[in-house]
Amino acid sequence: MDSLPILDRLEMGHRLRRLRTELAQTLAERWRARQQDLSAAPGEPVSRAFDEDAGEHLDFLAGAVEGGSLAAFEEYARWKSRVLASRALPAADLVQDFEDMEAWLEARLPSTGKEAVTRALRAGAQAAAEADTEIPGIPAGLSPLQAVQEQFLRVILRGERREATRLSLEALQAGHSIPDLYIEVFQESQYELGRLWESNQITVAEEHMATAVTQSVLARLYPHIEPTSPPQGNMVVTGVEGEMHQIGAHMVSDLFEARGWSVRFLGTNVPRAGVVQALAEHDADLLGISATMLFSVPNVVELVHAVRQKFGNARPRILVGGATFRLAPRLAGELGVESCVGDLRQI
Amino acid sequence: MPSILGRGPATRGLPRPGLEVLVMESTELLAHYLQTSAVIQLVRATPEGLVTECNQAFAAALGVPRSELIGRPIWGWLVDPDAQRLRERIFTGEPGLFPQRINLSDAQQHPYTLEALLSLDSQGFALIGEPALSKEHALRNELLLLNNEFAVLTRENARQNKDLRKAQSELERVYDELKSSHWHLKKIQEVLPICMICGKVRTEEATWDDLIHYFKQNSDFLSHSYCPECLARVEADLEPKEEAP
Ligand code: B12
Ligand SMILES: [Zn+2]
């Protein structure tokens, strides 16, 4: 995977995604063969979401290949086994799935890049077998805003928008900066929501509500942003097509605004043509691209390509960030764009 | 593995639109399958459409013993929204997924419709049931999109307001400047109150100021020049003097 050029990796990713339906059937057949046709026994709950599982396995496998990162697929394997374990589902199926996939894909992939796929699947099987059910968290007691963060999380989980806003404004009045508030309170609470969902302690509905509250607090704080530097230029920030995670991009927009950039935030899941148009309208010097899911890699590549094709290589500069680029750290360099995967307050 | 956080990455976490809630009180088992799993295979058939395998629960929902279904054509149950296209695909052998509806009736003989997918591959067909999506689920996802959009619009609105406020305060500053220079202009255009004896003028602050000093202070609009007499004098001063022998 390390030596394969990006175009070959994208080609392989594309090939993998197309196998979804067939793979779902194959996994189903092999699984049922192992279960000795349990569907014959009435009353047995013998369903598994094969189509969904096959799609997810392939999406992350393709994303890891496209992003050129074995570690990204291992990360998926660990995450998926934690999700399964917390829902009392057998994580052993996962290891078996990856083994089934390796055998089945053997005859279906061209030799170029097959090695990378095989290695990812083996690494994934290994990671799944060894996965810890404990979700990695943050060490407590590091932030002076920790008390506010804990309170904020409780409040957003109850859907109390006003109280969440009040808490945040109070922290600003107490002298905490917008960047500290964003990272240590909002980001940390959002990450915690992810852990709570992953470990089956909150429902999707609760996560949606809490996230909606955080978004509304962000909107209320915008007028309080006072640029601390002289004007830096015009910036556009967007999430890629297919990506639903929007808060990261929103926070980046505001944090760059505080640095003196005039930032137009487009939201996420924005079609390429819309981004190109906004860049022209806003006469942008800088484009920020946000991506969270590994399966967003092809859409990131296509967006960068579309922007370069329209405006050339010099301007706007392109800066990428979000979990996708943490999982696939080589990608930014290969695309010739800048990336920021560390703490935004440090740049 | 039950569906988590909505549907899988195929639909990028969003439900396929148009799926209806399926309430099947009398056929508990199939309902149970469809509620707990995202997708489940109901039937497999040969390329000619003859059933080779059938899910027990599905047979129960059809009200036919499973053994009797084997070998029978599946066409009878399907309400194909696009039969022509489906048949073309069957003949070309191109794989794909086709939305299908199946007409069933429950134990009280009330008809109901099951949403399903017909999956086509080289080995034949598989009929795959979709999970029953609740209205609540669909609404939740709609709400999510609206909420994202709302966040963008609110920020954009605030940003434009901020720009507007910046422009407004700049406007106010220019206006104040203009107003004060206008005041001076008006004052000079009016008759200047000047002392008949010493020649001092009265200032805006109602004090009395030396005429020259007053103009030096208040006359940005005056430019510098020489009157003919003074010019002559200045020129005379500048002419090279005869050096004393
Ligand atoms: C809220 C949430 C959602 C919401 C998002 C709503 C919204 N309006 O944004 C919804 C419900 C849509 C959602 C959906 C899904 N989610 Co989700 N989600 C989350 C959650 C809990 C919080 C995300 C968030 O708000 N983070 C806060 C922001 C501030 O953090 P951030 O994005 O990392 O951004 C920071 C940096 O990365 C950086 N950055 C980000 N972008 C950029 C850009 C630039 C230019 C720069 C410089 C920097 C930068 O700066 C930011 C500030 O520091 C995360 C948990 C997590 N750990 O992130 C899961 C999480 C990301 N989701 C996850 C999953 C699995 C999904 C789904 C696939 C679930 C499903 N089966 O349907 C779908 C996929 C949808 C899609 N197509 O994208 C998993 C991913 C796991 C994995 N293996 O990759 C996570 C980690 C949850 C978990 N622990 O299991 N999700
Ligand atoms: Zn004179």
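The values are calculated or read from the model by the stated rules, or taken from the named source; none is laboratory data. As the structure is a prediction and not an experimental result, all values here were calculated from the model. Cβ atoms come from the backbone with ideal geometry, glycine included; neighbour counts cover every protein chain shown.
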Number of the condition not met by A:Ser189 [criteria: (1) out of contact with any Leu (no Cβ under 9 Å at 6 or more places or on another chain); (2) under 15 Å from A:Ile156 (Cα atoms)]: (1)
Of everything in the stretch A:262-299, what is under 19 Å from A:Thr228 (Cβ atoms), touching a helix residue (DSSP H, G or I) at 6+ places or on another chain (Cβ under 9 Å) and surrounded by fewer than 24 Cβ atoms within 10 Å (Cβ to Cβ)? Give them in sequence order. A:Ser262, A:Leu286
Looking at (1) in a helix (DSSP H, G or I); (2) of a type in the set (A, V, I, L, M, F, W, C); (3) within 20 Å of A:Ser290 (Cα to Cα), which is the only condition A:Met235 fails? (1)
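Which is acidic (Asp, Glu), modelled with pLDDT of 90 or more and assigned by TED's automatic domain parsing to the domain that holds A:Arg161, of A:Glu243, A:Glu192? Spell out how you get there, then give the answer.
Working: A:Glu243 fails: assigned by TED's automatic domain parsing to the domain that holds A:Arg161.
That would be A:Glu192, the only listed residue that is acidic (Asp, Glu), modelled with pLDDT of 90 or more and assigned by TED's automatic domain parsing to the domain that holds A:Arg161.
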Tell me the residue from A:Ala147, A:Ala205 that is under 30 Å from A:Phe295 (Cα atoms), out of contact with any Ser or Thr (no Cβ under 6 Å at 6 or more places or on another chain), surrounded by fewer than 18 Cβ atoms within 10 Å (Cβ to Cβ) and among the aliphatic types (A, V, I, L, M), please. A:Ala205
Residue selected from the stretch A:170-191 under the condition part of a helix (DSSP H, G or I) and either free of Cβ contacts under 8 Å to residues at least 24 places away in the same chain or within 8 Å of ligand 1 (Cβ to nearest atom) (or both), by the criterion nearest to B:Glu142 (Cα to Cα): A:Gln190
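Do we find that A:Asp180 is charged (D, E, K, R) and closer than 30 Å to A:Met101 by Cβ in this structure?
Working: charged (D, E, K, R): yes; closer than 30 Å to A:Met101 by Cβ: no.
No, not satisfied.
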Among A:Ala72, A:Ala54, A:Ala24, A:Ala62, which is the only one that is touching a helix residue (DSSP H, G or I) at 6+ places or on another chain (Cβ under 9 Å), within 11 Å of chain B (Cβ to nearest Cβ), crowded, with 22+ Cβ neighbours inside 10 Å and modelled with pLDDT of 90 or more? A:Ala62
Go through the stretch A:187-229 residue by residue and tally those that are within 11 Å of another protein chain (Cβ to nearest Cβ) and of a type in the set (S, T, N, Q). 6
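Residues in the stretch A:238-249 that are part of a loop (DSSP other than H, G, I, E, B) and within 8 Å of ligand 1 (Cβ to nearest atom): how many? Explain how you work it out, then say what you get.
Our first condition is that a residue be part of a loop (DSSP other than H, G, I, E, B); within the stretch A:238-249, this holds for A:240-246.
So of that shortlist, the ones also within 8 Å of ligand 1 (Cβ to nearest atom) come out as A:242-246.
Selection size over the stretch A:238-249: 5.
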Within the stretch A:202-240, how many residues are over 24 Å from B:Asn157 (Cα atoms) and touching a residue at least 12 places away in the same chain (Cβ under 8 Å)? 3
